[in-house]
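Some notes on the structure that comes next.
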Amino acid sequence: MPPGVKVRCSERSSGSAPADLLLSRPFCKILNINNLSNAMKVTVVGAGNVGATCADACARWELANEVVLLDIKEGFAEGKSLDIWQTAPISLFDSRITGSTNDYSKTANSDVVVITSGLPRKPGMSRDDLIATNAAIVKSVTENVVKHSPNAIIIVVSNPLDVMTYCAFLTSKFPANRVFGMAGILDTARYRAFLATELNVSPKDIQAVLMGGHGDTMVPLPRYTTVGGIPVTELIAEDKLNAIVERTKKGGGEIVNLLGTSAWYAPGTAAAQMVEAIVRDQKRVFPCCVWLQGEYGLKDVYMGAPVILGRNGVERIIELKLTKEEQELCNASAKAVKEVMDVLDKMNNVPA
Ligand SMILES: NC(=O)c1ccc[n+]([C@@H]2O[C@H](COP(=O)([O-])OP(=O)(O)OC[C@H]3O[C@@H](n4cnc5c(N)ncnc54)[C@H](O)[C@@H]3O)[C@@H](O)[C@H]2O)c1
């Protein structure tokens, strides 16, 4: 490697300037580059479908020296992590992954904690139907996270996502840049995958952003969707694009109806991509569920917006100029999220 050349890993390679080479993950693996500035520890709480997928990606992508998977079910996290560790000689990674049955001392001093514990949806259920059960779980998990990893960044995945992120924020009392939720990467991934199928192009070349709550009120922004830099509206008829937007809004439900439970490969991998942006300090731009304090004219609400993710968690919330119609959709989405936040506040006796 010529002197002075900085090498970074990414899930995509690019023809970037020689002073700052961006290599694909497999290349980085061959060169034994992981871009971790320090020894990192990542904990994933909940060793179910989403949690195990996330932990598997964190280990395979070598995002941390130590990955801990924790579950309340006896032996479950130990079994899953042992299985994942036994892929190490095949997939060629050396991140240590271990499991724990509800023993948070094993998670002590984690840099990032991903919370996936909680019930998934069954057919006919909305995400909001999960609130009472999952709020109790997320609250007790967060209390343990705070006790054992007081400096951690928390990524919430449990549903109803926006409100469970609010629950972790209230419980942890961490600053909002260290408590945020995963939904936007998944929702945009679904949208990008549908577009890639429709246009018969590589999903790698589709860039998109969406806003709003994680649910039927999400706000896709087709005018910010590009395919290899070309506005998507130049490549697809309006009615087809609208149909894809509608399918994206119901993308979670489509899988629940097919599987009888909610998705895990894309959600778990999306959460791992957020972990990657943090531990490698990548400053990636992703839609995440964040605490809005006046951005987009919205206050005291957790909702999806584009942010820069790096070692400090949410390093900046990006404010796009929205059209009147887009702003109205965001307002409606925020209102829907706030109604469910109010249910949580009442459960916690938080004064209005
Ligand atoms: N944000 C998103 O986009 C998104 C996408 C998919 C799923 N989800 C949500 O993620 C959550 C997990 O989904 P899943 O499919 O992995 O479910 P799952 O049932 O497969 O796994 C959940 C795990 O949580 C564990 N658990 C329950 N209470 C716990 C506690 N107090 N401490 C530790 N572990 C505990 C369970 O034992 C179980 O193993 C659900 O709430 C689901 O709705 C969110």
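Read the figures in this text as sums done on the coordinates, not as results from a lab. These numbers come from a predicted model, not from an experiment. When we count neighbours, we look across all protein chains shown, and the Cβ atoms used for this are built from the backbone with ideal geometry, even at glycine.
Under a no-solvent Debye model with one identical scatterer per Cα of the chain, what's log10 I(q)/I(0) at q = 0.07, 0.08, 0.09 Å⁻¹? Treating every Cα as an identical point scatterer, log10 I(q)/I(0) equals -0.28, -0.37, -0.47.
From the alpha carbon centroid of region 59-96 to that of region 122-163 is 22 Å. Working from label points 7 Å from Cα in the Cα-to-Cβ sense, the M347 to V285 distance is 3.6 nm. Take the Cα radius of gyration of region 203-306 and divide it by 2.2 N^0.38 Å, N being the number of residues; the result is 1.18.
Going by average Cβ neighbours within 10 Å, how do the peptides 60-69, 199-208, 295-304 rank, with the highest at the top?
60-69, 295-304, 199-208
Percent relative contact order of the chain, based on C-alpha pairs within less than 8 angstrom and at least six residues apart?
With pairs under 8 Å counted, the relative contact order is 15 percent.
Checking the Cα-Cα distances for K249/K299; K173/K346; K204/K240; K73/K335; K324/K346 against a 27 Å cut-off, the pairs over it are K73/K335; K324/K346. Calculated [222 nm] ellipticity per residue, helices only, for the chain: -12500 deg cm²/dmol; basis is -39500 (n - 2.57) per DSSP H run with n ≥ 4, divided by all residues, nearest 500. Across region 148-266, the relative contact order, built from alpha-carbon pairs under 8 Å that are at least six residues apart, equals 19 percent. Note on region 121-186: percent of Cα-Cα distances in each 10 Å bin, starting at 0 and stopping at the bin with the largest distance, equals 23, 52, 21, 3.
Computed extension length for E315-D103: 73.2 nm, one decimal, from 0.36 nm per residue of separation with the Cα-Cα distance subtracted. A protection proxy built from the mean count of other Cβ atoms within 10 Å ranks the segments 128-140, 273-285, most packed first, as 273-285, 128-140. For the peptides 163-169, 265-271, residues were scored by their other Cβ atoms within 10 Å and the scores averaged per peptide; the highest-first order is 163-169, 265-271. Report the FRET efficiency, 1/(1 + (r/R0)^6), for E234 and T133, where r is their Cβ-Cβ distance and R0 is 41 Å, rounded to 0.05. E between E234 and T133, to the nearest 0.05, is 0.35. Taking other C-beta atoms within 10 angstrom as a stand-in for reagent exposure, L161, L320 fall in the order L320, L161, fewest first.
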